[in-house]
Amino acid sequence: MKAVKIMKPNDLRVIDMEKPVIDEKHNVLVKIRAAGICGSDVGIYHGKNAAATYPRVIGHEMVGDIVEVGQNGSKYQVGDRVIIDQVTSCGQCYACRKGRPNVCANLQVRGVHIDGGYREYMAVPESDCYRLPDFLSYEDAVMIEPTTIAVQACSRAQMEFDDQVLIIGAGALGSSILRIAKLYHPRRIIMADIEEGKLREAISHGADYAINSRTEDVAARAHELTEGYGPTVVIDAACLKGSFLTACRCAGNGGRVITMGFGVEPDDMNQFVITSKELDVRGSRLQNRKFQTVIDLIHQGQIDLSGSISHRFYFQDAKKAFDFNDTHDPSIRKIVLTFD
Ligand code: MN
């Protein structure tokens with residue numbers, strides 16, 4: 001079978017690979033039908049993901065059909081359409097015992113630490129598969145994974161109706177978080193970004209206010225928009241140098257600040273900004289078994305993932321797809337790789 005492998009940073013190849021076989025643990029064989037390109041895949045390709053190891057078959061947003069099940073049977077049948085969880089964990093460490101496999105001490109993320117979804121077949125444990133709604137296309141179903149990341153962020157923030165929410169960054173991640181945050185019916189949702197176009201889009205998708213962080217003081221404006229209190233939930237979906245401090249400055253007393261970035265450049269932080277307001281600063285990494293939550297929301301009609309895919313490439317043209325993504329063409333929303 002064919003696979004897309006990053007041999008070393010900036011060296012992407014379509015290679016021949018042994019088709020996986022199922023065993024007792026990896027008891028279902030999935031024929032991949034669509035796989036999304038995510039910022040982190042781009043980071044691994046360009047050598048900007050410190051967690052990744054090479055060579056690596058990348059891709060962690062993967063959907064397909066079950067084409068074989070183990071001889072001990074399965075809750076799935078051949079022909080079932082599924083999405084595969086990217087998180088694999090040891091089940092033994094403190095985090096796993098606390099029900100947080102996404103920060104397992106021995107975490108192995110598909111497409112990052114172990115081979116991922118840019119290949120024709122994957123053998124995985126059935127417990128890592130989630131059944132897709134019949135009406136959802138393979139391509140749209142790819143969007144379930146980025147949505148789980150947004151669900152994780154809102155859940156880490158313990159968002160509720162009484163909150164005033166600020167999302168810093170209105171790109172793919174920020175707009176996904178906006179979509180989920182709205183389901184909590186918070187008092188208001190404010191989006192901050194440096195690009196007017198993205199802010200206009202955020203408003204059209206239901207944000208109450210927009211702050212242009214290029215021209216406005218985000219903390220001052222966020223306080224104004226929340227009757228002087230400050231947002232009680234601030235999610236940093238920009239993850240840039242300086243955005244963490246901004247998030248903490250924005251947050252109101254007793255608020256929660258959620259970080260999602262992997263940047264290692266120090267922010268000019270101080271304890272006062274956290275202690276004086278007794279902020280809860282929490283990381284949100286990957287997702288903690290949130291696939292079923294998102295699939296349930298789709299079934300309930302609470303979220304609609306259609307219309308998010310902007311471009312499609314055959315998976316063996318992955319190089320073209322990544323090169324196109326690097327142009328940062330404004331028409332790019334989500335690029336998917338297709339397999340037939
Ligand atoms: Mn992703």
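The values are calculated or read from the model by the stated rules, or taken from the named source; none is laboratory data. All figures in this text were calculated on a predicted structure; none of them were measured in a lab. As a convention, Cβ positions derive from the backbone with ideal geometry for all residues, glycine included, and neighbour counts pool all protein chains shown. In case anyone asks, the SASA skips ligands and DNA or RNA and just uses the protein heavy atoms, side chains included. Shrake-Rupley method; radii C 1.70, N 1.55, O 1.52, S 1.80 Å.
Taking the stretch 282-311 as the range and being out of contact with any Asp or Glu (no Cβ under 9 Å at 6 or more places or on another chain), open to solvent by 60 Å² or more (accessible area, probe 1.4 Å) and farther than 19 Å from Phe135 by Cα as the test, only Arg285 passes. Val78 falls short on exactly one of the conditions (1) modelled with pLDDT of 95 or more; (2) under 19 Å from the mean Cα position of the chain (by Cα), and that condition is (2).
If you go through the stretch 45-60 and keep only what is within 16 Å of the ligand (Cβ to nearest atom) and of a type in the set (A, V, I, L, M, F, W, C), you end up with Ala51, Ala52, Val57, Ile58. When the residues of the stretch 10-32 are filtered to those that are touching a residue at least 24 places away in the same chain (Cβ under 8 Å) and open to solvent by 60 Å² or more (accessible area, probe 1.4 Å), which remaining residue is nearest to the ligand (Cβ to nearest atom)? Among them, the one singled out is Asn10. Looking only at residues of the stretch 158-174 that are of a type in the set (Gly, Ala, Ser) and either open to solvent by 10 Å² or more (accessible area, probe 1.4 Å) or not in a helix (DSSP H, G or I) (or both), we find that the one that is farthest from the ligand (Cβ to nearest atom) is Ala170. Restricting the first member to the stretch 166-179 and to residues that are farther than 19 Å from Thr246 by Cα, and the second to residues that are polar (S, T, N, Q), the beta-carbon pairs closer than 6 Å and six or more apart or on different chains are Ser176/Thr147. Scan (1) in a strand (DSSP E or B); (2) in contact with an Asp or Glu (Cβ under 6 Å, 6 or more places away or on another chain); (3) away from the ligand (no atom under 14 Å from the Cβ) for the single condition Gly36 breaks and write down its number. In the conditions (1) in a strand (DSSP E or B); (2) in contact with an Asp or Glu (Cβ under 6 Å, 6 or more places away or on another chain); (3) away from the ligand (no atom under 14 Å from the Cβ), Gly36 misses (3) alone. Taking the criterion of being surrounded by 13 or more Cβ atoms within 10 Å (Cβ to Cβ), closer than 18 Å to Ile295 by Cα and more than 16 Å from the ligand (Cβ to nearest atom), the residues of the stretch 67-99 that qualify are Tyr76, Asp80, Arg81, Val82. For the criterion of being surrounded by fewer than 23 Cβ atoms within 10 Å (Cβ to Cβ) and among the small types (Gly, Ala, Ser), Ala220 passes.
Can you say whether Ile211 is under 23 Å from the mean Cα position of the chain (by Cα), farther than 26 Å from Asn288 by Cβ and among the aliphatic types (A, V, I, L, M), as far as the supplied structure shows?
Considered against the rule, which asks whether it is under 23 Å from the mean Cα position of the chain (by Cα), farther than 26 Å from Asn288 by Cβ and among the aliphatic types (A, V, I, L, M), Ile211 comes out as no.
Within the stretch 116-157, the set of residues being away from the ligand (no atom under 16 Å from the Cβ), in a loop (DSSP other than H, G, I, E, B) and over 19 Å from Ile298 (Cα atoms) comprises Glu120, Pro125, Ala157. Test Gly73 against the stated conditions and say whether it is modelled with pLDDT of 95 or more and more than 24 Å from Ile332 (Cβ to Cβ). Judged against the criteria, Gly73 is not a match. For the structure I just gave you, tell me whether Phe262 is among the aromatic types (Phe, Trp, Tyr), open to solvent by less than 50 Å² (accessible area, probe 1.4 Å) and touching a residue at least 40 places away in the same chain (Cβ under 8 Å). Against the criterion (among the aromatic types (Phe, Trp, Tyr), open to solvent by less than 50 Å² (accessible area, probe 1.4 Å) and touching a residue at least 40 places away in the same chain (Cβ under 8 Å)), Phe262 does not qualify.
Val42 meets each of the listed conditions (1) surrounded by 21 or more Cβ atoms within 10 Å (Cβ to Cβ); (2) within 16 Å of the ligand (Cβ to nearest atom); (3) not in a loop (DSSP other than H, G, I, E, B) apart from (1). When restricted to residues that are open to solvent by 50 Å² or more (accessible area, probe 1.4 Å) and not in a loop (DSSP other than H, G, I, E, B), the stretch 202-217 contains 3. Any residue in the stretch 239-249 that is open to solvent by less than 60 Å² (accessible area, probe 1.4 Å) and among the β-branched types (Val, Ile, Thr)? Taking every residue of the stretch 239-249 in turn, at least one turns out to be open to solvent by less than 60 Å² (accessible area, probe 1.4 Å) and among the β-branched types (Val, Ile, Thr). If the condition is being of a type in the set (Val, Ile, Thr), crowded, with 20+ Cβ neighbours inside 10 Å and assigned to a loop (DSSP other than H, G, I, E, B), then the stretch 49-66 contributes only Ile58.
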